[in-house]
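The values are calculated or read from the model by the stated rules, or taken from the named source; none is laboratory data. Computed from a predicted model, the values in this text were never measured in an experiment. Virtual Cβ from ideal backbone geometry, glycine too; neighbours counted across all protein chains shown.
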Amino acid sequence: MQRMQETGRLNAGEERLRNLLLLGLAGDEPAYHAFLQELSAHLRAFLRKRLARLPDEVEDLVQESLLAIHNQRHTYDAGQPLTAWIHAIAKYKLVDLLRRRARRDLLTDPLDDESAFSSASDTEAADARRDLGKLLEQLPERQRLPIVHMKLEGLSVAETAKLTGMSESAVKVGVHRGLKALAAIIRGDA
């Protein structure tokens, strides 16, 4: 019974947000302002759960998500659930945040840890590169090239698309399918 009541509240909240957005898209500024206000609270709760260990990042991520949603509002399909669309955008922003933090943490790692240098040898790195090269050779070009350019060289989706002549969505699909295929090869499924 309680679950049905919660689902009803979620549906009512979803419907209210959706109606406010649609009114805002039709030019109703007060409705759009109300949409952003309610959406802020919704995003704050959504992100607070996912950033329990990084509470100081929640507000910045809420603002980044709101800006992305505002900039992409024209892409919302009124036939689809609004919260799924909103959560997808917020999750992309969350992943971006975690990537930025990982890069920053890598850059601030102390270099005076002698055990880190003595544990990795040049031959191990060369062996790993050779093994990775052999694995990548097993993939079709439409999967291999996006992985090499994005994951190994650090290029963006747009840069990889331009370099390979593929569309941005084809690059994303290539990376996803290629990584999945590599995992299968490593597991011995392929």
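Among residues of the range 144-166 that are closer than 20 Å to A183 by Cα, those with a Cβ under 8 angstrom from a residue that is of a type in the set (S, T, Y) and surrounded by 20 or more Cβ atoms within 10 Å (Cβ to Cβ), sequence gap 6+ or separate chain, pair up as L145/T160; P146/T160; H149/T160; M150/T160. Of all residues in the range 148-190, those that are hydroxyl-bearing (S, T, Y), exposed (fewer than 13 other Cβ atoms within 10 Å of the Cβ) and under 24 Å from R100 (Cα atoms) total 2.
Among the criteria (1) over 19 Å from R129 (Cβ atoms); (2) not in a helix (DSSP H, G or I), the one G174 does not fulfil is (2). If the condition is being surrounded by 13 or more Cβ atoms within 10 Å (Cβ to Cβ) and either free of Cβ contacts under 8 Å to residues at least 12 places away in the same chain or touching a Leu at 6+ places or on another chain (Cβ under 6 Å) (or both), then the range 64-89 contributes S65, L82, W85.
The set of residues in the range 109-153 being in a loop (DSSP other than H, G, I, E, B) and either at pLDDT below 85 or of a type in the set (V, I, T) (or both) consists of D109, P110, L111, D112, D113, A120, S121, E153.
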